[in-house]
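Report on one structure; see the data block that follows.
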Amino acid sequence: MWQWFHRLGSPRWFYQTSGKWLPWLAGITFVLLLVGLVWGLGFAPRDAKQGNSFRIIYIHVPASFLALAGYYVMAIAGAVGLIWKMKLADMVMKSAAPLGAALTFVALVTGAIWGKPTWGTYWVWDARITSMLVLLFLYMGVMALQHSYTSVDAANKASAVLSLVGMVNIPIIYKSVDWWYTLHQPATIKFTEAPTMHPDMFHPLLVMIVGFYCFYALVLILNTRSEILHRERRSSWVKDVVLQNQR
Amino acid sequence: MIFRFDSFQHFLQMDGHGGYVWSAYLIAILVMVWLVAGPLFRQSRVRQTVTRELRRETARHHSAGEAGKE
(Lines give C-alpha, C1' and ligand atoms only; values in the text may rest on other atoms or scores of the structure.)
Protein backbone atom coordinates (compact mmCIF):
# COMPACT_ATOMS: atom_id res chain seq x y z
CA MET A 1 0.00 0.00 0.00
CA TRP A 2 2.63 2.51 1.07
CA GLN A 3 4.91 1.55 -1.75
CA TRP A 4 2.08 2.23 -4.17
CA PHE A 5 1.44 5.57 -2.50
CA HIS A 6 5.07 6.55 -2.86
CA ARG A 7 5.24 5.49 -6.48
CA LEU A 8 2.11 7.48 -7.27
CA GLY A 9 3.75 10.44 -5.59
CA SER A 10 6.70 10.26 -7.95
CA PRO A 11 6.28 12.76 -10.80
CA ARG A 12 8.48 10.69 -13.06
CA TRP A 13 6.39 7.55 -12.59
CA PHE A 14 3.21 9.54 -13.20
CA TYR A 15 4.61 11.14 -16.33
CA GLN A 16 5.68 7.87 -17.90
CA THR A 17 2.56 5.90 -16.97
CA SER A 18 0.10 8.59 -18.01
CA GLY A 19 1.89 8.87 -21.36
CA LYS A 20 0.82 5.32 -22.19
CA TRP A 21 -2.83 5.88 -21.33
CA LEU A 22 -3.20 9.31 -22.84
CA PRO A 23 -4.00 8.38 -26.48
CA TRP A 24 -6.75 5.99 -25.34
CA LEU A 25 -8.28 8.54 -23.01
CA ALA A 26 -8.14 11.20 -25.72
CA GLY A 27 -9.85 8.89 -28.22
CA ILE A 28 -12.63 7.88 -25.83
CA THR A 29 -13.21 11.52 -24.83
CA PHE A 30 -13.41 12.69 -28.43
CA VAL A 31 -15.89 9.97 -29.46
CA LEU A 32 -18.13 10.51 -26.41
CA LEU A 33 -18.24 14.29 -26.86
CA LEU A 34 -18.88 14.01 -30.60
CA VAL A 35 -21.70 11.48 -30.15
CA GLY A 36 -23.27 13.48 -27.32
CA LEU A 37 -23.01 16.73 -29.26
CA VAL A 38 -24.65 15.43 -32.44
CA TRP A 39 -27.28 13.55 -30.47
CA GLY A 40 -28.14 16.50 -28.27
CA LEU A 41 -28.16 19.07 -31.07
CA GLY A 42 -30.02 17.14 -33.74
CA PHE A 43 -31.68 14.01 -32.44
CA ALA A 44 -32.99 14.75 -28.96
CA PRO A 45 -36.63 15.91 -29.01
CA ARG A 46 -37.31 19.60 -28.44
CA ASP A 47 -38.61 20.64 -25.05
CA ALA A 48 -42.34 21.30 -24.93
CA LYS A 49 -41.99 24.47 -22.84
CA GLN A 50 -38.55 25.83 -23.77
CA GLY A 51 -38.32 24.76 -27.42
CA ASN A 52 -34.88 24.28 -28.89
CA SER A 53 -33.05 26.57 -26.45
CA PHE A 54 -33.16 23.65 -24.00
CA ARG A 55 -30.41 21.98 -26.10
CA ILE A 56 -27.96 24.20 -24.21
CA ILE A 57 -28.47 21.77 -21.30
CA TYR A 58 -26.09 19.33 -23.01
CA ILE A 59 -23.13 21.58 -22.26
CA HIS A 60 -24.46 23.63 -19.36
CA VAL A 61 -25.15 20.72 -17.00
CA PRO A 62 -21.98 18.68 -17.71
CA ALA A 63 -19.81 21.81 -17.42
CA SER A 64 -21.47 22.70 -14.10
CA PHE A 65 -21.01 19.12 -12.83
CA LEU A 66 -17.32 19.20 -13.56
CA ALA A 67 -16.87 22.74 -12.27
CA LEU A 68 -18.05 21.40 -8.90
CA ALA A 69 -16.36 17.97 -9.03
CA GLY A 70 -13.16 19.75 -10.08
CA TYR A 71 -13.25 21.76 -6.90
CA TYR A 72 -13.17 18.55 -4.84
CA VAL A 73 -10.21 17.36 -6.89
CA MET A 74 -8.36 20.63 -6.29
CA ALA A 75 -9.13 20.78 -2.55
CA ILE A 76 -8.31 17.11 -1.91
CA ALA A 77 -5.05 17.39 -3.87
CA GLY A 78 -4.27 20.52 -1.85
CA ALA A 79 -4.95 18.69 1.43
CA VAL A 80 -2.78 15.71 0.42
CA GLY A 81 0.03 18.07 -0.54
CA LEU A 82 -0.34 19.96 2.72
CA ILE A 83 -0.40 16.86 4.95
CA TRP A 84 2.04 14.49 3.26
CA LYS A 85 4.16 17.07 1.40
CA MET A 86 3.57 15.17 -1.81
CA LYS A 87 5.00 17.07 -4.76
CA LEU A 88 2.69 15.48 -7.30
CA ALA A 89 -0.41 16.46 -5.30
CA ASP A 90 0.69 20.09 -5.33
CA MET A 91 1.11 19.93 -9.09
CA VAL A 92 -2.36 18.41 -9.50
CA MET A 93 -3.84 21.19 -7.36
CA LYS A 94 -2.13 23.82 -9.47
CA SER A 95 -3.31 22.12 -12.67
CA ALA A 96 -6.91 21.82 -11.48
CA ALA A 97 -7.36 25.55 -10.84
CA PRO A 98 -7.39 26.96 -14.41
CA LEU A 99 -9.33 23.94 -15.66
CA GLY A 100 -12.02 24.40 -13.02
CA ALA A 101 -12.14 28.13 -13.67
CA ALA A 102 -12.64 27.54 -17.41
CA LEU A 103 -15.47 25.04 -16.81
CA THR A 104 -17.15 27.36 -14.30
CA PHE A 105 -16.87 30.11 -16.91
CA VAL A 106 -18.52 27.85 -19.52
CA ALA A 107 -21.29 26.96 -17.06
CA LEU A 108 -21.96 30.62 -16.28
CA VAL A 109 -21.84 31.84 -19.89
CA THR A 110 -24.00 29.04 -21.31
CA GLY A 111 -26.39 29.57 -18.40
CA ALA A 112 -26.60 33.28 -19.19
CA ILE A 113 -27.24 32.58 -22.88
CA TRP A 114 -29.90 30.04 -21.92
CA GLY A 115 -31.44 32.52 -19.50
CA LYS A 116 -32.21 35.09 -22.20
CA PRO A 117 -34.87 33.13 -24.14
CA THR A 118 -36.11 31.29 -21.02
CA TRP A 119 -36.24 33.97 -18.32
CA GLY A 120 -35.93 37.06 -20.51
CA THR A 121 -32.62 38.12 -18.94
CA TYR A 122 -28.95 37.16 -19.16
CA TRP A 123 -28.18 37.67 -15.51
CA VAL A 124 -29.97 37.63 -12.16
CA TRP A 125 -28.49 37.60 -8.70
CA ASP A 126 -30.10 34.25 -8.05
CA ALA A 127 -28.62 32.09 -5.26
CA ARG A 128 -27.34 29.33 -7.58
CA ILE A 129 -25.82 31.76 -10.06
CA THR A 130 -24.21 33.92 -7.40
CA SER A 131 -22.67 30.94 -5.61
CA MET A 132 -21.28 29.72 -8.96
CA LEU A 133 -19.72 33.15 -9.45
CA VAL A 134 -18.12 32.78 -6.02
CA LEU A 135 -16.76 29.41 -7.21
CA LEU A 136 -15.16 31.13 -10.21
CA PHE A 137 -13.53 33.67 -7.88
CA LEU A 138 -12.23 30.87 -5.64
CA TYR A 139 -10.59 29.16 -8.62
CA MET A 140 -9.14 32.49 -9.74
CA GLY A 141 -7.93 33.14 -6.19
CA VAL A 142 -5.95 29.88 -6.21
CA MET A 143 -4.50 30.79 -9.62
CA ALA A 144 -3.51 34.23 -8.34
CA LEU A 145 -1.91 32.80 -5.19
CA GLN A 146 0.17 30.41 -7.29
CA HIS A 147 1.73 33.41 -9.02
CA SER A 148 2.10 35.74 -6.06
CA TYR A 149 4.82 33.90 -4.11
CA THR A 150 8.43 33.51 -5.13
CA SER A 151 8.70 30.32 -3.07
CA VAL A 152 6.85 27.36 -4.58
CA ASP A 153 6.21 25.84 -1.15
CA ALA A 154 4.62 28.99 0.23
CA ALA A 155 2.43 29.33 -2.88
CA ASN A 156 1.25 25.72 -2.54
CA LYS A 157 0.51 26.08 1.15
CA ALA A 158 -1.51 29.27 0.64
CA SER A 159 -3.46 27.83 -2.32
CA ALA A 160 -4.23 24.61 -0.44
CA VAL A 161 -5.56 26.57 2.54
CA LEU A 162 -7.71 28.77 0.30
CA SER A 163 -9.15 25.79 -1.58
CA LEU A 164 -9.97 23.99 1.68
CA VAL A 165 -11.66 27.06 3.15
CA GLY A 166 -13.58 27.50 -0.12
CA MET A 167 -15.11 24.02 0.30
CA VAL A 168 -17.78 25.79 2.39
CA ASN A 169 -19.20 27.09 -0.88
CA ILE A 170 -19.80 23.65 -2.42
CA PRO A 171 -22.79 22.49 -0.32
CA ILE A 172 -24.21 26.01 -0.67
CA ILE A 173 -24.15 25.63 -4.46
CA TYR A 174 -25.77 22.19 -4.32
CA LYS A 175 -28.49 23.25 -1.92
CA SER A 176 -29.03 26.78 -3.27
CA VAL A 177 -31.88 25.72 -5.58
CA ASP A 178 -33.74 24.13 -2.66
CA TRP A 179 -32.98 26.70 0.04
CA TRP A 180 -33.75 29.77 -2.02
CA TYR A 181 -36.35 28.98 -4.60
CA THR A 182 -35.77 31.97 -6.84
CA LEU A 183 -35.24 31.56 -10.57
CA HIS A 184 -32.85 28.70 -11.30
CA GLN A 185 -34.74 25.44 -11.73
CA PRO A 186 -34.03 22.59 -9.27
CA ALA A 187 -31.56 19.89 -10.24
CA THR A 188 -32.60 17.82 -13.25
CA ILE A 189 -30.64 14.79 -12.12
CA LYS A 190 -30.22 13.47 -8.62
CA PHE A 191 -28.27 10.40 -7.67
CA THR A 192 -30.96 9.34 -5.22
CA GLU A 193 -33.95 9.60 -7.57
CA ALA A 194 -34.92 8.61 -11.07
CA PRO A 195 -34.36 11.43 -13.58
CA THR A 196 -37.35 13.66 -14.24
CA MET A 197 -36.38 13.96 -17.90
CA HIS A 198 -37.69 11.85 -20.72
CA PRO A 199 -35.20 9.08 -21.61
CA ASP A 200 -34.82 10.44 -25.17
CA MET A 201 -33.52 13.68 -23.68
CA PHE A 202 -31.69 12.07 -20.79
CA HIS A 203 -29.52 9.58 -22.66
CA PRO A 204 -27.56 12.15 -24.70
CA LEU A 205 -27.10 14.14 -21.48
CA LEU A 206 -25.63 11.06 -19.81
CA VAL A 207 -23.23 10.59 -22.72
CA MET A 208 -22.17 14.24 -22.46
CA ILE A 209 -21.64 14.00 -18.68
CA VAL A 210 -19.44 10.92 -19.03
CA GLY A 211 -17.64 12.66 -21.92
CA PHE A 212 -17.01 15.73 -19.77
CA TYR A 213 -15.64 13.57 -16.96
CA CYS A 214 -13.20 12.02 -19.43
CA PHE A 215 -12.38 15.46 -20.80
CA TYR A 216 -11.68 16.71 -17.29
CA ALA A 217 -9.34 13.80 -16.59
CA LEU A 218 -7.62 14.30 -19.93
CA VAL A 219 -6.93 18.01 -19.44
CA LEU A 220 -5.95 17.53 -15.79
CA ILE A 221 -3.38 14.92 -16.85
CA LEU A 222 -2.12 17.14 -19.70
CA ASN A 223 -1.76 20.11 -17.36
CA THR A 224 -0.02 18.05 -14.70
CA ARG A 225 2.37 16.54 -17.25
CA SER A 226 3.42 19.94 -18.57
CA GLU A 227 3.87 21.13 -14.99
CA ILE A 228 6.04 18.09 -14.18
CA LEU A 229 8.18 18.60 -17.24
CA HIS A 230 8.62 22.28 -16.42
CA ARG A 231 9.52 21.78 -12.76
CA GLU A 232 11.84 18.83 -13.36
CA ARG A 233 13.44 20.18 -16.54
CA ARG A 234 16.91 20.07 -15.00
CA SER A 235 16.70 16.41 -13.96
CA SER A 236 18.35 13.70 -15.98
CA TRP A 237 15.16 11.70 -16.63
CA VAL A 238 13.51 14.71 -18.33
CA LYS A 239 16.60 15.11 -20.50
CA ASP A 240 16.31 11.44 -21.47
CA VAL A 241 12.62 11.82 -22.26
CA VAL A 242 13.33 14.83 -24.46
CA LEU A 243 16.32 13.23 -26.16
CA GLN A 244 14.44 10.05 -27.03
CA ASN A 245 11.38 12.11 -27.93
CA GLN A 246 9.16 9.96 -25.67
CA ARG A 247 5.57 10.85 -25.07
CA MET B 1 -34.04 7.90 -33.38
CA ILE B 2 -34.82 10.58 -35.96
CA PHE B 3 -33.28 13.87 -36.96
CA ARG B 4 -35.60 16.51 -35.53
CA PHE B 5 -35.23 19.15 -38.24
CA ASP B 6 -36.60 19.03 -41.79
CA SER B 7 -33.79 21.08 -43.38
CA PHE B 8 -30.29 22.36 -42.66
CA GLN B 9 -31.75 25.88 -42.59
CA HIS B 10 -34.19 24.76 -39.91
CA PHE B 11 -31.33 23.11 -38.00
CA LEU B 12 -29.38 26.39 -37.99
CA GLN B 13 -32.35 28.55 -37.02
CA MET B 14 -33.83 26.20 -34.41
CA ASP B 15 -37.15 28.06 -34.47
CA GLY B 16 -35.56 31.35 -33.52
CA HIS B 17 -33.32 29.90 -30.79
CA GLY B 18 -30.43 29.15 -33.15
CA GLY B 19 -28.39 32.18 -32.10
CA TYR B 20 -28.53 31.18 -28.44
CA VAL B 21 -27.87 27.49 -28.95
CA TRP B 22 -25.07 27.86 -31.47
CA SER B 23 -23.27 30.65 -29.61
CA ALA B 24 -23.37 28.60 -26.39
CA TYR B 25 -21.93 25.55 -28.16
CA LEU B 26 -19.32 27.64 -29.98
CA ILE B 27 -18.07 29.26 -26.77
CA ALA B 28 -17.89 25.87 -25.03
CA ILE B 29 -15.98 24.30 -27.93
CA LEU B 30 -13.51 27.21 -28.14
CA VAL B 31 -12.80 27.04 -24.41
CA MET B 32 -12.34 23.26 -24.58
CA VAL B 33 -9.97 23.44 -27.56
CA TRP B 34 -7.97 26.08 -25.72
CA LEU B 35 -7.86 23.87 -22.59
CA VAL B 36 -6.30 21.02 -24.58
CA ALA B 37 -3.98 23.15 -26.73
CA GLY B 38 -2.59 25.16 -23.78
CA PRO B 39 -0.70 22.36 -21.98
CA LEU B 40 0.42 20.84 -25.31
CA PHE B 41 2.02 24.15 -26.35
CA ARG B 42 3.60 24.51 -22.94
CA GLN B 43 5.07 21.00 -23.12
CA SER B 44 6.61 21.58 -26.52
CA ARG B 45 8.09 24.87 -25.26
CA VAL B 46 9.72 23.13 -22.28
CA ARG B 47 11.03 20.39 -24.59
CA GLN B 48 12.56 23.01 -26.87
CA THR B 49 14.27 24.70 -23.93
CA VAL B 50 15.67 21.39 -22.69
CA THR B 51 16.92 20.49 -26.19
CA ARG B 52 18.64 23.86 -26.52
CA GLU B 53 20.32 23.46 -23.13
CA LEU B 54 21.48 19.94 -24.01
CA ARG B 55 22.97 21.18 -27.26
CA ARG B 56 24.76 23.99 -25.46
CA GLU B 57 26.09 21.48 -22.92
CA THR B 58 27.51 19.14 -25.55
CA ALA B 59 29.10 22.12 -27.34
CA ARG B 60 30.74 23.17 -24.09
CA HIS B 61 32.02 19.63 -23.48
CA HIS B 62 33.40 19.59 -27.00
CA SER B 63 35.27 22.86 -26.70
CA ALA B 64 36.55 21.85 -23.25
CA GLY B 65 37.89 18.63 -24.74
CA GLU B 66 39.68 20.48 -27.51
CA ALA B 67 41.15 22.96 -25.04
CA GLY B 68 42.54 20.00 -23.05
CA LYS B 69 44.37 18.67 -26.12
CA GLU B 70 46.34 21.87 -26.71
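The values are calculated or read from the model by the stated rules, or taken from the named source; none is laboratory data. Keep in mind that this is a model prediction, so the values were computed, not measured. Because the Cβ atoms are built from the backbone with ideal geometry, glycine has one as well, and the counts that use them run over all protein chains shown. With ligands, DNA and RNA removed, areas are computed over all heavy atoms of the protein, side chains included. Shrake-Rupley method; radii C 1.70, N 1.55, O 1.52, S 1.80 Å.
Structural remarks
- Any hit, region B:28-45, residues being open to solvent by less than 70 Å² (accessible area, probe 1.4 Å) and assigned to a loop (DSSP other than H, G, I, E, B): no
- Within region B:6-27, the set of residues being more than 7 Å from chain A (Cβ to nearest Cβ) and surrounded by 15 or more Cβ atoms within 10 Å (Cβ to Cβ) comprises B:13, B:18, B:19, B:22.
- Identity of the residue in region A:223-247, among the hydrophobic types (A, V, I, L, M, F, W, C) and touching a residue at least 40 places away in the same chain (Cβ under 8 Å), that ends up farthest from the other protein chains (Cβ to nearest Cβ): A:237
- For region A:131-147, a residue qualifies if it is under 17 Å from residue A:64 (Cα atoms) and open to solvent by 40 Å² or more (accessible area, probe 1.4 Å), and the qualifying residues are A:134, A:137, A:140.
- Looking at A:61, A:73, A:109, just one residue is away from chain B (no Cβ under 14 Å), surrounded by fewer than 23 Cβ atoms within 10 Å (Cβ to Cβ) and of a type in the set (Val, Ile, Thr), and that residue is A:73.
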